[in-house]
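**Student:** My questions will all concern the structure given below.
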Amino acid sequence: MASITLNTVRKIYAGNVEAVKGISIDIEDGEFIVLVGPSGCGKSTLLRMVAGLEDISSGEILIGDRLVNKVEPADRDIAMVFQNYALYPHMSVYNNLAYGLKNRGIAKSEIDQRVRKAAEILEIGEYLDRKPRQLSGGQRQRVAMGRAIVREPSAFLFDEPLSNLDAKLRVQMRMEIKKLQRDLKTTSIYVTHDQLEAMTLADRLVVLNKGQVEQIGSPMEVYEKPASTFVASFIGSPAMNLIPMKKTALGWEPEQGDGVNFDIRSDASEFIVGLRPEDLEILGDGAPLGAGLAAKVVVTGVEPVGAESYIHGTLGEGGQEVILRAAGKQHYDIGQVLSIAAKQEKIHLFNRQTGKREEEISALQPA
Amino acid sequence: MKRVQYSNPILPYALLLPQLAIVAVFFLWPAVEAVRASFYLEDPFGFGSTFVGLENFKDTLTNSQYARTARFTLIFTVLVAFFSLSIALLLAVKADKVIRGAGSYRTLLMWVYAIAPPVAGLLGVMLFDQHIGPLTELARSLGWNLQVGVTPFDTAFVMVITAVWKQIPVNFIFFLSGLQSVPKSVQEAAAIDCRSGTRRFWTVTFPLLAPTGFFLLIINITYALFDTFGIVDLVVKGEPGNNPITLVYKVFVDGFRGNDLGGSSAQSVILMVLVFLLTVFQFRMIERRVHYN
Ligand SMILES: Nc1ncnc2c1ncn2[C@@H]1O[C@H](COP(=O)(O)OP(=O)(O)OP(=O)(O)O)[C@@H](O)[C@H]1O
Ligand SMILES: [Mg+2]
C-alpha cells in the first residue's frame, strides 16, 4: 500500500503528439481515484506511465516515496487489469494467477494459499484448471482481477476493465470492485470513459480533457460544482443544459430563442448558464415564479425511460435545445408549451470565453 | 463458411476440371506409375520389365548405401530444421522489437520472401564456389581448405549452410507475423508479472508461438527432405561419387543415372509413405496438443 504522486507528468509521443500535458495529482494511500474523460484524452497514457509501460517524457512519478520514472514495470509493485483482460491464453487459470508470484520467487505453498484465497473471493475456484478460452467474458474478467489481487501490490491500475461486459454484469462487477477495494484498502487508479462508473466508484474523480486536468474532486463536488462547461457536459446524464446568454437592452436573453426570464447583477455582458435537467421544474399553469430562472419551453420530443421521461424542447419556437427530466407517468404532447423554472442556487454560471465556472455565483441575485 | 448455390449443377465441376486435370496428370498418374514400377524390374535398355514383387523394396531396405543415405538425410533434416528455425526465430524476435506497429518496414522485410528459391540456392552455391566463392576464400584465410564436392564433410557442410540460409527468410516471416499476433497487452501483463525478459520469452511468448513453430517445423522437415533437391544437385553437380546426398536425390541418381527404375520407384514409394506419415502426425498434433487460439 502506498500513495502515488504525479508531478507535472508529461507524455510526448513520436510525431510530437502531446498526449499528457503536465499533470499533477497527489493520490493518498488507499484512495480510489478514477480518471475519466472522453476518448483520446490521455487517460490510458497516464495510467500506463504509472505502470511503467510507457516512458515518461518529463515530470516525476512516485509510488510511496520512491521515484519510479526509470523503474521496470515488474519492480514497481503495481498490478494492472487490462480492458481485454490480457490473460495468458496457454496457461490455466491457476497458473495465470500464480505466474507473477512464481517469478518473484515466492514459496509454492504460499502461492497456492494466495491463489486459492483470491479464487474464493472472486468465486472462480471451480475454474482453476481451465484455460481462459474456456471461460465467459465475466469469468475472464474475474481471473484478471484475481491476477491483480494475488500479488498484494501497493497499487491497482485498471484500464477500462468493465467495458467488454454487458450492461448488467458491468453494474454487478462495479459494485464488486468497489467492495473489494474497500476491503483490501489498496490504492487504486481506475480509467474509464463512463461517467456513471466514474461517479459510483471514485473517492475522487479526475476529469481529463485533451491531456489536461479539468477538475479533481469527489464525485458530488464535481457534480454539484463543475469547474468548467467541459466537466458540466461530461458528468451527469442527460448532460447539463448549457445556454449561452447575453445582456441586451431588454435584459438577459438567450443567444438562440426567447421566453427566458432571468436576471442578475453582473458586469459581464455574457455568460453560459448551466442547468441540470433534474433542476428544471415543470410548473403548473399560473404558478408563481420564484427567484431564479423561468422559461417557456416548446416540447419537441419525449424519451420515456421508465421511471422518468426526458423531455426535449426548445427555448421558444426554434430556439436553443434543452432537456428536462419529468416523472415517467406524466404525459406531454409535441408542440405543447411548458413553463419551467430553476431555483437560484441550482443555476451554474460559466465564463463565455474560457468556459470556466464563475465563482461569484453565490452572489447571484435578481436585479 | 458461406454456401453458394450454382443454378447449373455441372458448372462447379467444370470449373474444377482444369485443376483436377493438373493434379491427375502431374501428381496422381506419376504416383500410380511409381507404385506400379516399384514391383517390376525394368530392363536398363528398355526391353520390357519383369514382375518381381517386393524384391525392389527388400533390396533397397537392405542396401547399406541406402542406409547411409537415410542416416545422412536424417542428420541433414535435423540440422537444417533446427538451424533455420532457431536463427529465424532469433532474427524475428530482434526485428519484432524494432518494428512493432511499423507496417511499411514489415512490408520491406517481406521482399526477402519474393526471391525465387532456385535463385537463392544458386546464390548460396556460388558463395561456396571452389574458385570464385567469397566464403571459400574466407574459409581458406581461416586455414580451412574447403573442398566442396571432394571432401564429404565439406560438401555436407555447404549443403546444410545453403539449405538453412535459403529457408531462414521464410521462417523469419512466419515467426515475425506470429510474434506480432501475440497481443500487446499480454506482453505487457507479462512485463508486470515477470522482470526477466528472457524468462518472459520462454514462458509467455514462446508458448504462444507454438502453433506457428509447429507448422514451420513440419514445413521445414518437408523442405529439408524434398525441396533441397536443387541445392544438393547444385553442390554435387549430378555426380555424387562418395559425397553425401539426400534420399530424394538418391531416387534421381539411381533412377536416371543408374537406370534402376524399379529400385528408384521403390525408394520414391518409401518417401511417399514418409510424407503420408508426416501428414498424419501433423493432423494428430493439431488436434491434440498445440493450442491454436
Ligand atoms: N503509441 C502512440 N503513438 C502516438 N500517439 C499515441 C500513442 N498512443 C496514444 N496516442 C495518442 O495519445 C492520445 C491519448 O491516447 P490514450 O490512449 O491515452 O487515450 P484514452 O484517453 O485512453 O482514450 P480511450 O478512452 O479511447 O482509450 C490520443 O490522441 C492518441 O492518439
Ligand atoms: Mg484508453
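A short reminder: the numbers here are calculations on the coordinates, not readings from a lab. This is a predicted model, so every value here is computed, not measured. With ideal geometry, Cβ positions are generated from the backbone for all residues, glycine too; neighbour counts draw on all protein chains shown.
**Student:** Can you give the mean number of other chain Cβ atoms that lie within 10 Å of the Cβ atoms in peptide A:262-274?
**Tutor:** Taking the mean over all residues of the peptide, I get 0.
**Student:** Another one. How far apart, in nm, are two points set 7 Å out from the Cα along the Cα-to-Cβ line at A:A291 and at B:F47?
**Tutor:** With each label point 7 Å from Cα toward Cβ, the separation is 13.0 nm.
**Student:** Right, here's the next one. How big is D for chain A, in µm² s⁻¹ as a whole number, if Stokes-Einstein is applied with the Kirkwood radius of its Cα pairs at 4 °C and 1.567 mPa s?
**Tutor:** Rounded to a whole number, D works out at 56 µm²/s.
**Student:** In addition: Relative contact order of chain A, please, whole-number percent, based on alpha carbon pairs below 8 angstrom and at least 6 residues apart.
**Tutor:** So the answer I get is 15 percent.
**Student:** Now for a different question. Would you mind ranking B:K166, B:K58 by Cβ crowding within 10 Å, fewest neighbours first? Could the numbers behind the result be given before it?
**Tutor:** Working: B:K166 25, B:K58 12.
Taking fewest neighbouring Cβ atoms as first place, the list is B:K58, B:K166.
**Student:** With the radius of gyration and the Kirkwood radius both derived from the Cα set of region A:241-363, what is their ratio Rg to Rh?
**Tutor:** Numbers: Rg = 14.3 Å, Rh = 14.8 Å.
Rounded to two decimals, Rg/Rh equals 0.97.
**Student:** Any idea what the relative contact order of region B:63-289 is, in percent, if you count C-alpha pairs under 8 Å spaced at least 6 apart?
**Tutor:** On the way: 203 pairs, mean separation 64.5, N = 227.
Worked out over region B:63-289, it gives 28 percent.
**Student:** Based on the Cβ-Cβ distance of A:E126 and A:N95, what FRET efficiency does E = 1/(1 + (r/R0)^6) give at R0 = 22 Å, to the nearest 0.05? Numbers along the way, then the final one.
**Tutor:** Numbers: r = 16 Å, r/R0 = 0.73.
About 0.85, to the nearest 0.05.
**Student:** So if each residue of separation counts as 0.36 nm, and I subtract the Cα-Cα distance between A:N7 and A:S237, what length gain in nm does that give? Could the numbers behind the result be given before it?
**Tutor:** Numbers: separation 230, 0.36 × 230 = 82.80 nm, distance 3.21 nm.
Contour length minus Cα-Cα distance gives 79.6 nm.
**Student:** Then there is this: Along the Cα→Cβ direction, 7 angstrom out, place labels at B:L28 and A:T354. What is the inter-label distance in nm?
**Tutor:** Each label point is offset 7 Å from its Cα along the Cβ direction, giving 8.4 nm.
**Student:** Over 26 Å between C-alpha atoms is what I'm after, so list which of A:K296/A:K329; A:K21/A:K178; A:K43/B:K184; A:K225/A:K343; A:K43/A:K70 land there.
**Tutor:** A:K21/A:K178
**Student:** Here's something else I'd like to know. How about B:K237: which lysines have a C-alpha closer than 30 Å to its C-alpha, ignoring those fewer than 8 places off in the same chain?
**Tutor:** Filter leaves B:K58, B:K166, B:K250.
**Student:** Here's another thing I want to ask about it. Would you please give the residues with an amide H less than 5 Å from that of A:E308, counting only those at least 5 places away or on a separate chain, with H modeled from the backbone geometry?
**Tutor:** The answer is A:G328.
**Student:** How much length would be gained if the chain were fully extended between B:I218 and B:A21, taking 0.36 nm per residue of separation minus their Cα-Cα distance, in nm to one decimal?
**Tutor:** Value of the extension gain: 68.2 nm.
**Student:** Taking the highest mean first, how do the peptides A:30-43, A:243-256 order by number of other beta carbon atoms within 10 angstrom per residue?
**Tutor:** Values: A:30-43: 20.7, A:243-256: 14.9.
So the peptides A:30-43, A:243-256, ranked by packing, come out A:30-43, A:243-256.
**Student:** Same structure, new question: Give me the number: length gained by fully extending B:V150 to B:F229, i.e. 0.36 nm times residue separation minus the C-alpha to C-alpha distance, one decimal in nm.
**Tutor:** Going from the current span to full extension adds 26.5 nm.
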